[in-house]
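Worksheet for the structure shown next.
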Amino acid sequence: MKPHVVVVGSFVQDLTWKCDAFPRAGETVVGKFVTGPGGKGSNQAVACGRAGVSTLYVGAVGDDAFARDAATFYRVEKIGARFAVKPREATGTAAILVNREGQNEIIVALGANAVLARKDIPVEAVRSARVVVCQCESNLATTGYVLKTARAAGVTTVLNPAPMRADFDPQLLRHVDILIPNETEFAALVNQVPASGETEFTAERLHELSSEGLHALIRSLGVANVIVTLGGKGCFLSLPDRFESIPAYTGINVVDTTGAGDAFVGGFAAGLVQFEGDIAAAARYGTAVAALSVTKFGTAPSMPRKTEIARFLKRRG
Ligand code: ATP
Ligand code: RIB
């Protein structure tokens with residue numbers, strides 16, 4: 001069966017330390033260690049696949065033990081995966097610290113993700129998908145090629161511009177139907193796009209804007225549909241003819257917010273297929289997927305499955 005959603009992006013082995021409080025410069029603290037599959041692209045593919053939508057993940061890994069574990073993980077999950085093996089590079093890795101409040105600090109080494117090439121992209125799968133999802137944790141030229149190819153074939157393109165990078169070219173936005181930045185990525189984009197008229201916009205200033213003001217600023221990015229995720233505050237949808245705020249779920253036991261953005265994006269992509277392109281319905285579904293993911297530790301392993309999401313939605317609406 002042809003996958004409905006193709007996610008092209010990073011696979012990263014997450015090396016995570018839980019601690020009470022983050023160490024300050026020069027300080028050593030004692031913590032607990034866990035490791036597992038991560039990377040923004042792969043996390044989003046797992047969120048989408050577990051939500052019950054046929055998904056293909058495309059990314060690059062090294063020829064090492066982390067890559068072999070990744071292949072096993074996808075086989076067990078029964079989610080489609082195409083790994084381009086780059087023998088000269090290591091599989092991407094992330095050092096993640098999570099404190100007692102569930103906040104995180106992350107350093108990512110892109111490794112093989114940085115050399116994902118055009119020839120590694122299964123073009124037919126991209127062209128025949130309903131939705132193609134990319135991020136900025138992989139090779140940016142290849143990301144641009146994927147978005148352009150998908151758009152030309154009439155496929156809905158979604159870009160999560162995470163992490164924002166100094167070498168991000170705003171021209172990439174021309175190939176994007178739905179843009180999903182978090183607050184800091186949004187602020188960085190606003191400063192990079194000349195039409196916004198801003199060069200020193202910050203995530204703090206975003207919160208001082210009225211909904212009308214935020215909607216107007218978002219329009220200057222030139223992307224038809226934008227969803228700014230706002231952590232525990234939910235998200236703001238700006239569509240060509242209207243805007244809407246969707247609150248995050250409250251009253252849940254927040255354990256670890258690492259990968260909340262990925263859960264939202266993967267759940268959103270699944271929702272776009274399930275609700276036949278209804279962006280607001282898909283965003284509400286992504287909000288539920290993200291809420292469930294923050295109640296568990298880890299990134300890909302914390303993504304909820306279809307039945308758990310359905311039970312949660314029935315209970316919480
Ligand atoms: P990360 O980089 O940690 O993956 P992010 O910064 O990309 O996350 P956020 O904006 O923090 O993404 O979160 C994405 C979505 O996850 C939010 O829009 C919200 O629906 C949900 N979410 C995040 N934090 C919480 C929380 N504490 N409680 C409930 N939902 C949350
Ligand atoms: O968004 C969370 C992800 O960012 C982690 O899985 C880590 O690998 C980094 O890429």
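Here residue 297 fulfils each of the conditions (1) open to solvent by 20 Å² or more (accessible area, probe 1.4 Å); (2) closer than 24 Å to residue 156 by Cβ; (3) among the hydrophobic types (A, V, I, L, M, F, W, C) apart from (2).
Conditions (1) over 14 Å from residue 182 (Cβ atoms); (2) in a helix (DSSP H, G or I), marked per residue:
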{"residue": "199", "(1), (2)": "yes, no"}
{"residue": "205", "(1), (2)": "yes, yes"}
{"residue": "212", "(1), (2)": "yes, yes"}
{"residue": "217", "(1), (2)": "yes, yes"}
{"residue": "222", "(1), (2)": "yes, no"}
{"residue": "226", "(1), (2)": "no, no"}
{"residue": "232", "(1), (2)": "no, yes"}
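The condition of being closer than 25 Å to residue 144 by Cβ, out of contact with any strand residue (DSSP E or B) (no Cβ under 7 Å at 6 or more places or on another chain) and not in a helix (DSSP H, G or I) holds for only one of 90, 94, that being 90.
For the range 173-190, which residues satisfy the criterion of being surrounded by 15 or more Cβ atoms within 10 Å (Cβ to Cβ) and either within 20 Å of residue 234 (Cβ to Cβ) or more than 17 Å from the chain's Cα centre (by Cα) (or both)? Hits for the range 173-190 are 175, 178, 179, 180, 181, 182, 183, 185, 186, 187, 189, 190. In the range 11-22, which residue that is assigned to a strand (DSSP E or B) and touching a helix residue (DSSP H, G or I) at 6+ places or on another chain (Cβ under 9 Å) is surrounded by the fewest Cβ atoms within 10 Å (Cβ to Cβ)? Of everything passing the filter in the range 11-22, 13 is surrounded by the fewest Cβ atoms within 10 Å (Cβ to Cβ). Scanning the range 23-32 for residues that are surrounded by 22 or more Cβ atoms within 10 Å (Cβ to Cβ) and modelled with pLDDT of 95 or more turns up nothing. For the range 117-149, the tally of residues that are free of Cβ contacts under 8 Å to residues at least 60 places away in the same chain, out of contact with any Asp or Glu (no Cβ under 8 Å at 6 or more places or on another chain), of a type in the set (Gly, Ala, Ser) and assigned to a helix (DSSP H, G or I) stands at 1. Across the range 144-195, which residue is farthest from residue 126 (Cα to Cα) among those that are more than 16 Å from ligand 2 (Cβ to nearest atom) and among the polar types (S, T, N, Q)? Filtering the range 144-195 for residues that are more than 16 Å from ligand 2 (Cβ to nearest atom) and among the polar types (S, T, N, Q), the one farthest from residue 126 (Cα to Cα) comes out as 191.
Taken over the range 179-196, the criterion of being within 14 Å of ligand 1 (Cβ to nearest atom) and not charged (D, E, K, R) is satisfied by 179, 180, 181, 182, 184, 186, 187, 188, 189.
Of the candidates 68, 75, 82, the single residue that is under 25 Å from residue 270 (Cβ atoms), among the charged types (D, E, K, R) and assigned to a helix (DSSP H, G or I) is 75. Here the range 202-227 is the region considered, the condition is being buried (at least 18 other Cβ atoms within 10 Å of the Cβ) and in contact with a helix residue (DSSP H, G or I) (Cβ under 7 Å, 6 or more places away or on another chain), and the residue that is nearest to residue 268 (Cα to Cα) is 227. State which residue is farthest from residue 133 (Cα to Cα) when the search covers only the range 37-65 and only residues that are assigned to a loop (DSSP other than H, G, I, E, B) and in contact with a Ser or Thr (Cβ under 8 Å, 6 or more places away or on another chain). Once the filter is applied, the top-ranked residue is 64.
The values are calculated or read from the model by the stated rules, or taken from the named source; none is laboratory data. In this text, all values refer to a predicted model and were calculated from it rather than measured experimentally. Backbone-built Cβ (ideal geometry, glycine too); neighbour counts: all protein chains shown. Areas reflect the complete protein model, heavy atoms only, side chains present, ligands, DNA and RNA absent. Shrake-Rupley method; radii C 1.70, N 1.55, O 1.52, S 1.80 Å.
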